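Heads up: the structure comes next, in C-alpha cells.
The values are calculated or read from the model by the stated rules, or taken from the named source; none is laboratory data. Just so you know, these numbers come straight off a predicted model, no measurement behind them. Backbone-built Cβ (ideal geometry, glycine too); neighbour counts: all protein chains shown. Protein only, heavy atoms only, side chains kept; ligands, DNA and RNA dropped before computing areas. Shrake-Rupley method; radii C 1.70, N 1.55, O 1.52, S 1.80 Å.
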Amino acid sequence: VQLQASGGGVVQAGGSLRLSCAGAGRIDSILYMGWFRQYPGNEREFVAVVDWTGWANPHQAYSVKDRFTITRDYAKSTVVLQMSSLKPGDTAVYYCAASRQRGSRLDRRTYEFWGQGTLVTVSS
C-alpha cells in the first residue's frame, strides 16, 4: 500500500485547508485510514480516522472535533481531511496512515503504512 498526501500550506487563523490522501496498491485490504500530526520534538498524535469498510463511524480527536471532518471516497481510494476554523496550535506536519490490522484506531502503532508528511502552517 502506498499513500500520497497533499494539500498542506499556509493559512491564516480561522481559515480552512483540505488535505487529501490517495492510496494505491492493495487498498482493498485496508481496515482504517487516518490522519496524525507531529509537532517538533513530539510523537505523532492522532487527529482523525475513518473505517475504510464503513463498519464504524469516523472519529476525531477532541482537540479538532467540530472543526475537522474526515471522509472517504472509496471509488477514488482517497481520504480527505477538511480542516476549518484553524488555529495556530494546529500548525504541524500532517501524515496520513493506513492499517490492515485490527487494533486501536487512535494509536499510531496500529498503522503499518504512512504517507509523506505535509506541512500545515496557521499564522495568527
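Odds and ends about this structure:
- For the pair Y74 and Y39, the difference between a 0.36 nm per residue extended length and the Cα-Cα distance amounts to 9.6 nm.
- Share, in percent, of DSSP beta bridges within the chain that are antiparallel, nearest 5: 90
- Per-peptide packing, taken as the mean over residues of other Cβ atoms within 10 Å, places 54-63, 27-36 in the sequence 27-36, 54-63 from highest down.
- Nearest-20 debye value, the range 72-124 charge dipole, Cβ charges on Lys, Arg, Asp, Glu: 200
- Which of T69, T118 is most accessible, then next, and so on - probe 1.4 Å: T69, T118
- Rel. contact order, % - alpha carbon contacts under 8 angstrom, at least six apart, the chain: 35
- Remark: the chain carries 51 Å² of accessible area per residue (probe radius 1.4 Å; ligands, DNA and RNA excluded).
- Couplings 3J(HN,Hα) of the range 2-13, computed from phi: 10, 10, 10, 9, 8, x, x, x, 10, 9, 7, 4 Hz, in residue order, whole Hz [Karplus 6.51 cos²θ - 1.76 cosθ + 1.60, θ = phi - 60°; x for Gly and Pro].
- Note on the range 40-124: dipole from Cβ charges, positive end direction compared against Q82, S63, T110; the farthest Cα belongs to T110.
- Taking Lys and Arg as +1 and Asp and Glu as -1, the other residues whose beta-carbon sits under 13 Å from that of E43 total +2.
- Of the solvent-accessible surface of the chain, computed with a 1.4 Å probe over protein heavy atoms with every protein chain present, carbon and sulfur atoms account for 48 percent.
- Each 5 Å bin from 0 upward holds the following percent of the Cα-Cα pairs of the range 15-54: 6, 17, 22, 24, 18, 9, 5, 0.
- Cβ-placed point charges (K, R +1; D, E -1), dipole of the chain about Cα centre in debye, nearest 20: 60
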